[in-house]
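Encoded as C-alpha cells, the structure appears first; notes follow it.
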Amino acid sequence: MCFIDLDNFKNINDSYGHSMGDQVLIEVGKRLFGLVREDDTLARIGGDEFVLVIENMKNDTHHAEVLNDVLSAFEVPFIVEDKSFILTASIGVSCFPEHGTSIEELCKHADTAMYQAKESGKNNIKFYSKSMSQDVITRLVMENDLKGAIQQAQFELYYQPQVCLKTKKLTGLEALIRWNHPTKGLIEPNAFIGLTEELRMIITIGNWVIGQACQDLKRLQETCNFQGKMAINVSVLQLEQSHFIDAIKETLAKYQINANKIELEITESVVISNPKYTITLLNKLRDIGFAIALDDFGTGYSSLSDLKQLPVSKLKIDKSFVDDLPDGENDKVITQPIISLSNAMNMEALAEGIETQGQMDFLIQNGCGLGQGYLFSKPLPLKHLIDWLNTQA
Ligand SMILES: [Mg+2]
C-alpha cells in the first residue's frame with residue numbers, strides 16, 4: 001500500500017488557480033497510470049494524494065522498482081497549456097502482512113511513512129517501521145513545545161560572520177535561529193523549521209527574528225562600530241503576508257536601522273512557487289534599499305530566465321557543494337559555473353560551509369568573492385560575537 005503525496009502542490013493552486021491545478025493532477029494521474037501493471041490499483045483519494053496498491057509481488061525488489069519508477073516519473077516536468085510544472089512526490093509504504101492485516105492499519109501506516117518521507121526532505125520513499133509511530137509522537141510533542149517557545153523566550157539568534165575571501169575582512173553577519181529547549185538543550189533550525197512552516201508558525205517566529213536581528217544590529221553598530229550588513233532568512237510564508245513590507249519597515253524605524261544594512265535571504269522555492277508575485281515584491285524591497293540574496297543556490301530548480309528578472313545581488317552556494325572541494329569532481333563542476341554565472345550577472349557569490357584552506361583557495365582561484373564557515377567563525381551568540389568583533393578590530 002503506497003501513499004503518494006505531491007510535494008508543495010498547493011503552490012500551483014495558489015499561483016495559477018484551481019482549474020490549472022486540476023489539469024496538472026490529471027496529467028500526474030495519467031503518468032502514474034502508465035507505470036502500473038494490470039494487477040495493481042491506482043486511485044486518487046483526495047487533493048493531491050494518490051494510493052497505489054501493488055498486488056502479487058513477485059519478489060522483494062519488484063515494489064522497489066515500481067516505486068523508483070514512480071519517483072523517476074516526476075523527473076520530467078508536467079506540461080499544461082504550454083506551462084511547465086516541476087513536481088516531486090513523497091511516498092509512504094506499508095506491506096501486508098508485516099505492517100498490518102486490515103485495510104485501516106495498512107492505510108494508517110502508509111500515511112505515517114508518507115509523513116516521514118515529507119519530514120526527511122520530501123521527494124523520497126519511506127517504508128513503515130514501528131519506530132515511526134514513536135516519531136509521530138515525538139513530532140506531536142515538539143509541536144506542542146513549539147507553541148510556547150516564543151512566549152517563553154526560548155529562541156535565540158546566533159550570528160555567523162561573512163567575510164571577503166581575499167582580505168578576510170568582515171562584510172556581514174547571517175542571523176541564525178537556535179531553540180533553547182528546556183529539556184532537550186540547543187536545537188538547530190533544520191530540526192524544527194520545517195515543522196514551523198507546516199504549522200505556519202514560521203510567520204510569527206520569522207517576525208520575531210527580524211525584530212531581534214534589528215535590535216542586535218543596532219547594538220553592534222553602536223558598541224562595535226559594525227558597518228556590515230545583517231542577513232536575515234525569510235520564508236515564503238512571510239513574504240506572502242500582504243503587510244510584510246509595512247511590517248519590516250516599521251521594525252527598521254523602531255530600531256533606526258537603514259534598509260541598506262539588511263539583506264533578505266530567500267530560497268529558490270520562493271521564486272519557483274510564484275515567480276510573478278515574487279519578482280514584483282522583491283523589486284519593491286530592492287527599491288526601499290534591501291539587498292536580496294538567493295540562499296542554497298543550486299539545490300532548487302529556479303529557471304535562469306526567472307533568475308535574470310530577480311533583483312538579487314548575491315548567490316549563496318550551498319554547503320553541500322563546498323564540502324568536497326577542491327578535489328571532488330562533482331562539486332567542482334557545480335561551483336565553478338555558479339560563480340561564473342553570478343559574476344556574469346553582476347551578483348556576488350558567497351560560498352557557505354567553508355572549513356578548510358583548500359576549499360578557500362579553490363573558491364578564490366575561481367572568482368568567488370565571499371564566504372562563511374567554520375574556517376572563519378562558527379555562528380556565535382551575541383555576547384561572543386561582540387568579543388569576536390573586538391578581536392578583529
Ligand atoms: Mg541562509
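Tell me, what is a quarter of the convex hull surface for the C-alpha atoms of segment 2-128, in nm² with one decimal?
7.6 nm²
Considering only lysines 8 or more places apart in sequence, or on different chains, count the pairs in segment 196-309 whose C-alpha atoms sit under 21 Å apart.
Within segment 196-309, the lysine pair count is 15.
Could you do me a favour and compute the accessible area per residue for segment 143-392, 1.4 Å probe, result in Å²?
46 Å²
In the chain, carbon and sulfur make up what percent of the accessible area (probe 1.4 Å)?
That share works out to 51 percent.
Please compute the per residue accessible area over segment 2-128 with all protein chains in place, 1.4 Å probe, rounded to a whole number of Å².
53 Å²
Please list, in chain and number order, the residues 5+ apart from Val80 or on another chain whose amide H is under 5 Å from its amide H, with Hs placed from the backbone.
Amide H to amide H, under 5 Å and 5 or more residues apart or across chains, Val80 pairs with Phe85.
Give the cross-link partners of Lys332 among the lysines, using a straight C-alpha distance below 21 Å as the criterion and excluding same-chain residues fewer than 8 apart.
Hits, sequence-local ones excluded: Lys166, Lys314, Lys316, Lys319.
Kirkwood Rh and Cα-based Rg: tell me the resulting Rg over Rh for segment 191-283, rounded to two decimals.
Here the Rg-to-Rh quotient is 0.99.
Would you kindly derive the ³J(HN,Hα) couplings of segment 98-113 from the backbone phi angles with the Karplus curve 6.51 cos²θ - 1.76 cosθ + 1.60 (θ = phi - 60°), listing them in order in whole Hz, with x for Gly and Pro?
My calculation for segment 98-113 gives 4, 9, x, 10, 10, 4, 4, 5, 5, 5, 4, 6, 5, 5, 4, 5 Hz in order.
Using only the alpha carbons, work out the radius of gyration and Dmax of the chain in angstrom.
Cα radius of gyration and Dmax of the chain are 23.0, 72 Å respectively.
Among DSSP beta bridges whose residues both lie in segment 143-392, state the antiparallel percentage, nearest 5.
40 percent
Normalised by the residues of segment 143-392, what does the relative contact order come to in percent, with Cα pairs under 8 Å and at least six apart?
19 percent
Do the sum for the chain: with -39,500 (n - 2.57) for every DSSP H run of n ≥ 4, divided by all residues, what is the mean residue ellipticity at 222 nm, to the nearest 500 deg cm²/dmol?
Mean residue ellipticity, 222 nm, calculated: -14500 deg cm²/dmol.
List the trypsin sites (Lys or Arg not before Pro) within segment 7-110 that DSSP assigns to loop and that have no more than 11 neighbouring Cβ atoms inside 10 Å.
Here the trypsin sites (Lys or Arg not before Pro) that fit, given the DSSP loop and packing criteria, are Arg37, Lys58.
The values are calculated or read from the model by the stated rules, or taken from the named source; none is laboratory data. Every value quoted in this text rests on a predicted model; they were computed, and no experiment measured them. Glycine also receives a Cβ, built like all others from the backbone with ideal geometry; neighbour counts cover every protein chain displayed. For accessibility, only protein heavy atoms count, side chains too; no ligands or nucleic acids. Shrake-Rupley method; radii C 1.70, N 1.55, O 1.52, S 1.80 Å.
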